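Note sheet for the following structure.
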Amino acid sequence: MCIRDRDNNEVNGNKLRTYRQFKYGVVTESYVKMRIPRHHRRLLAQLRTGSLQLHIETGRWSNLNLQDRTCKLCDSESIEDQLHFLIQSSHYDDRRSSLYNIVREKCPHIDLEHGSPTLIFISLLHSKNIQKSLSATMYHMWQRRQFNLERI
């Protein structure tokens, strides 16, 4: 893929739009080396690389316009992308609240109250101290998502 194609963000956007926000160099990420259950680490890797089967990804497979790939589990009508799933969807507020309590304790430098959702998202993915808690929270969020989508 040439650079011009990689940076193209036309109608349906670029698959790596999220990954480019927090990946700056070729380096093994800390969570890969941690003792995290394999299924937790797998979800975290999928979220980071844009291959987690959120509606932004599954809609791409069926050529659904980007603006039509909304979250089916909350009333926000927001695109269900990685940021929405992890930071914004009201469907996971209870899980996110528990994670944020851990973040406040272990990473007080992350401004959860005043930081932008994008900055919080990037900070969570970069903070080594919370990768186990983050991956466990994501796992439970993903399980809830799968269970509730089966009921729709």
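Nothing in this text is a laboratory measurement; each read-out follows from the coordinates by a stated rule. Since the structure is predicted, the reported quantities are computational estimates derived from the model, not experimental observations. Every residue, glycine among them, receives a Cβ derived from its backbone with ideal geometry; neighbour counts consider all protein chains shown.
How high is the FRET efficiency from L64 to H39, r the C-beta distance, R0 22 Å, rounded to 0.05?
Working: r = 28 Å, r/R0 = 1.26.
About 0.20, to the nearest 0.05.
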>> Residue by residue through the range 76-84, what is 3J(HN,Hα) from phi via Karplus (6.51 cos²θ - 1.76 cosθ + 1.60, θ = phi - 60°)? Round to whole Hz and write x for glycine and proline.
In response: 6, 6, 8, 5, 7, 10, 4, 4, 4
>> Order 143-151, 80-88, 36-44 from most to least packed using the mean count of other Cβ atoms within 10 Å.
In response: 80-88, 36-44, 143-151
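Could you tell me the calculated FRET efficiency between V32 and R144, based on Cβ-Cβ distance and R0 = 30 angstrom, to the nearest 0.05? Mind showing how you got there, number by number?
Numbers: r = 25 Å, r/R0 = 0.84.
My answer for the efficiency is 0.75.
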> If amide H atoms are built 1.01 Å from N in the plane of the peptide, which residues on other chains or at least 5 residues away come under 5 Å of the amide H of T70?
Replying inline: E80
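To the nearest µm²/s, what D does Stokes-Einstein give for the range 33-117 at 37 °C and 0.692 mPa s, using the Kirkwood radius over alpha carbon pairs as Rh?
Numbers: Rh = 14.4 Å.
Translational diffusion coefficient: 227 µm²/s.
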>> Suppose each label sits 7 Å from its Cα in the direction of the beta carbon; what would the S90-H126 distance come out to in nanometres?
In response: 3.1
> Karplus couplings for the range 36-44 from phi (6.51 cos²θ - 1.76 cosθ + 1.60, θ = phi - 60°), rounded to Hz, Gly and Pro as x?
Replying inline: 10, x, 3, 5, 6, 4, 4, 5, 4
>> As an exercise, use a Förster radius of 22 Å and the Cβ-Cβ distance of E77 and I152 to find the FRET efficiency, rounded to the nearest 0.05.
In response: 0.90
> Based on the alpha carbon coordinates of the range 67-152, what radius of gyration and maximum Cα-Cα distance (Dmax) apply, in Å?
Replying inline: 13.1, 39
> In sequence order, what are the phi-derived ³J(HN,Hα) couplings for the range 58-69 according to the Karplus relation 6.51 cos²θ - 1.76 cosθ + 1.60 with θ = phi - 60°, rounded to whole Hz, with x for glycine and proline?
Replying inline: 5, x, 5, 4, 9, 6, 6, 4, 3, 5, 9, 9
